[in-house]
Amino acid sequence: MLSTASQVIRCKGSTPTENGGSPEILFTSLCHTDVYFWEAKGQNPVFPRILGHEARGIVESVGEGATDLEPGDHGNAKNVLTANRRKATCVISSESTLTGDEYTVTHVGCVAKINPLAPLDKVCVLSCGISTGLGATLNVAKPKKGSSVAVFGLGAVGLAAAEGARIAGASRIIRVDVNSSRFEHAKKFGVTEFVNPKERKKPVQEVIAEMTDGGVDRSIECTRNIDAMISAFECVHDGWGVAVLVGVPHKDAVFKTHPVNLLNKRTLKGTFFGNYKPRSDLPSVVEKYMNKELELEKFITHEVPFAEINKAFDYMLKGEGLRCIIRMD
């Protein structure tokens, strides 16, 4: 046990190397991926680890070769960092970026310039979960106007997938979740129907097939549960149905389905970060928010100072919130 256990350690900050940037973090939000890496369920544990990859801050300096970023730029990316012309604004986006601290050093590939008018404490949530769910629908599932969509999971990523279905003009958005109390809130994201598998005697894929005359046009799985992944695939319609897997399952999980489900022309896809490219695509997602096409405020349920970060973890672990903004003050 280190003598510094449970104590604040003060150290000298690192300067950015070639193609790197060093931002001061102003806001970060907690993503379930942080809990995933904290619990080390999907990979070999590596500690100590600085969590955080949804942040926004001020670019203090850049390294040699970082020609697309300079102190004074507005930006956004996955694992978010921000800055404006007087103090560069950007968003940092990448699971390898550490934003649970006041300063970080990152590769410029994790930083994208964004609209300087975008509010610092809102667009940081676009650095991972919200964009992942939104992109899984808009970029991968690609539902047509008037189509039916099933979304498995009512967390922030799942609700973002539903938001994408709403934006795409889906006529039916069916949410699948084991917590029935979440349905009323889900209506704000365009959800029209709700199915709780625990309240049904049949497998949920059979229930959805009966509800939709053979299956939904598109499904998006956002739970990390392998059984939900199988149900999401098997609930889409023969011939044209597309299922998209978003959740990261346990490392020992095995996906099993009958080969006939593939022979019948169901399509199974997977996605990371909703198929968005942080530097080139996140600015356009920010514009969806600025143009009021995408509503970010309904995803933000709590805000705490960094000193109370454990509260943010409690909200997430208890399912009491979607996104908690952490002020680095």
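The values are calculated or read from the model by the stated rules, or taken from the named source; none is laboratory data. The structure presented is a predicted model; accordingly, all values stated were derived computationally and were not measured. Cβ placement follows ideal geometry from the backbone for every residue including glycine, while neighbour counts extend to all protein chains displayed. Surface accessibility is based on the protein's heavy atoms, side chains included, excluding ligands, DNA and RNA. Shrake-Rupley method; radii C 1.70, N 1.55, O 1.52, S 1.80 Å.
For GLY321, state whether it is part of a loop (DSSP other than H, G, I, E, B), within 18 Å of ASN139 (Cα to Cα) and touching a strand residue (DSSP E or B) at 6+ places or on another chain (Cβ under 8 Å).
No; evaluated as a whole, the condition is false for this residue.
Go through region 295-313 residue by residue and tally those that are assigned to a loop (DSSP other than H, G, I, E, B) and open to solvent by 20 Å² or more (accessible area, probe 1.4 Å).
Adding up the residues that qualify gives 1.
Read through the list (1) farther than 23 Å from ARG279 by Cβ; (2) in contact with a helix residue (DSSP H, G or I) (Cβ under 7 Å, 6 or more places away or on another chain); (3) of a type in the set (S, T, N, Q); (4) crowded, with 24+ Cβ neighbours inside 10 Å, then give the number of the only condition that THR137 fails.
Condition (1) is where THR137 drops out.
Could you list, in sequence order, the residues of region 258-274 that are open to solvent by less than 80 Å² (accessible area, probe 1.4 Å) and in contact (Cβ under 8 Å) with a residue 40 or more places away in the chain?
Listed by number, the residues that qualify are THR271, PHE273, GLY274.
Within region 248-272, take every residue that is among the aliphatic types (A, V, I, L, M) and closer than 12 Å to ASN225 by Cα and give me the one that is nearest to the chain's Cα centre (by Cα).
Top of the filtered list is VAL248.
Within region 214-223, is even one residue open to solvent by less than 40 Å² (accessible area, probe 1.4 Å) and farther than 26 Å from GLY146 by Cβ?
No, every residue in region 214-223 fails to be open to solvent by less than 40 Å² (accessible area, probe 1.4 Å) and farther than 26 Å from GLY146 by Cβ.
Among the residues of region 275-289, are any more than 20 Å from the chain's Cα centre (by Cα) and touching a residue at least 12 places away in the same chain (Cβ under 8 Å)?
no
Restricted to region 314-325, and to residues that are over 16 Å from the mean Cα position of the chain (by Cα) and at pLDDT 85 or above, which residue is surrounded by the most Cβ atoms within 10 Å (Cβ to Cβ)?
TYR315
In the set ARG200, ARG166, ARG172, which member is surrounded by fewer than 24 Cβ atoms within 10 Å (Cβ to Cβ), under 20 Å from VAL236 (Cβ atoms) and free of Cβ contacts under 8 Å to residues at least 12 places away in the same chain?
Step by step, each of ARG200, ARG166, ARG172 is checked, and only ARG200 is surrounded by fewer than 24 Cβ atoms within 10 Å (Cβ to Cβ), under 20 Å from VAL236 (Cβ atoms) and free of Cβ contacts under 8 Å to residues at least 12 places away in the same chain.
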